[in-house]
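Worksheet: the structure to be examined is printed underneath.
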Amino acid sequence: MPCQSFEAPTHVSQSSHDPPIELKNAGKAALLAWLVPGLGHLYQGRVAKGVIFCVSITSLFVFGFILGSAKVTYAATVDVLPSPKTFVMERWPFPCQAGIGAVAIPCLVERARYRSGAQEGLVGGAFFPPRTGIRATTGAEITSVDNAGNTVKHPNELAKWQYDGGYYFELGTIYTVVAGLLNLLVVYDAGMGPLVQLPTGKPKQDTEDSAARDAAKNAR
Amino acid sequence: MPTNAGRNAIDCLLLLAEINRLWFAPPLLIATSFVYAGTRHEDLREILRHTASCAVTMLLIMLGVAAVLEVLAYLQ
């Protein structure tokens, strides 16, 4: 019986100017790219791009995460069905942040724990949704202390986070949202190749070739 | 009641506070440029060249928008 080789399937991406790029196991690479920015490219051996994506997106996300005091990434706690619109509108940054799998998965795990009655998050409150609705009224009073030393009461935990974080809460949210959205481009690149592969100087040569062809034609 | 000099100093401090906020833009701009350029080329040199041009373009657009806003604020 002949020996069969089980090589990873490849997807070839080609543009009009550049040589085709062999994308090793596109589906798996896309999944890896979603899980950790740049990992799909590293798996495919596109090391330079993998490192660029990993450093750019991860640092952007971590910076935003720290700015937002690790409270800016969480999923909405309402039911997804029958109206996914409510789920999206309650916490619109989450679907954008979910462009990074390493963020989406813990957020969904913490959401499930919150819905099952858990009071605290697994990782120091990160990714755990804020106490809102009935939970905000039944649990311990939600307060913070202002600069003058006065106690400020909040209607729910999200209000407290926004009050305490102020401008940085919004900024952290924006950073993490942008990181998630950028990773969608990276996932596409890992799975399908460059979105629009721009010419890399070869068109000039094409122009020269066509000019030479025209000159030869005229000489005839 | 603050004097004119005091008021100017306060204005300067407020302006500095606003400038500090602008320091949050470069990381966003650089990361976005890198990813944008990275998804359009395979060659590292081309990626870096496109990143630089993309960052400059975005910076100019942002400065243009800021200038328009400043003019509108002045006219208000």
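Quick note: the coordinates plus some simple rules give every number you see, no bench work behind them. Remember, it's a predicted structure, so these values are computed and weren't measured experimentally. A quick note on method: Cβ atoms are made from the backbone with ideal geometry, for glycine too, and the neighbour counts reach across all protein chains shown.
Describe numerically, in nm with one decimal, the distance between label points set 7 Å from Cα along Cα→Cβ at A:Val196 and at B:Thr57.
Result for the modelled spin labels: 0.8 nm.
Which residues in the range A:53-88 have a backbone N closer than 16 Å to a point placed 7 Å from the Cα of A:Ile134 along the Cα-to-Cβ line?
Hits in the range A:53-88 for A:Ile134 at 16 Å: A:77-79.
Say each of A:Ala148 and B:Asp43 gets a label point 7 Å from the Cα, pointing the same way as Cα to Cβ; how far apart are those two points in nm?
Here the modelled spin labels are 6.4 nm apart.
For a 23 Å ceiling on Cα separation, which of these pairs sit above it: A:Lys24/A:Lys49; A:Lys28/A:Lys85; A:Lys71/A:Lys153?
A:Lys28/A:Lys85
For A:Leu81 and B:Ile10, what does the FRET efficiency come to when R0 = 41 Å and r is the distance between their Cβ atoms, rounded to the nearest 0.05?
Efficiency, rounded to the nearest 0.05: 0.15.
With a cut-off of at most 11 other beta carbons within 10 Å, and DSSP calling the residue loop, which GluC sites (Glu not before Pro) in the range A:119-197 qualify? Please list them.
Filter output for the range A:119-197: A:Glu120, A:Glu141.
How would you classify the range A:58-181 from its alpha-carbon gyration tensor, with a ≥ b ≥ c the square roots of the eigenvalues: rounded for a/c under 1.5, else prolate if a/b is greater than b/c, otherwise oblate?
Cα axes put the range A:58-181 in the oblate bin.
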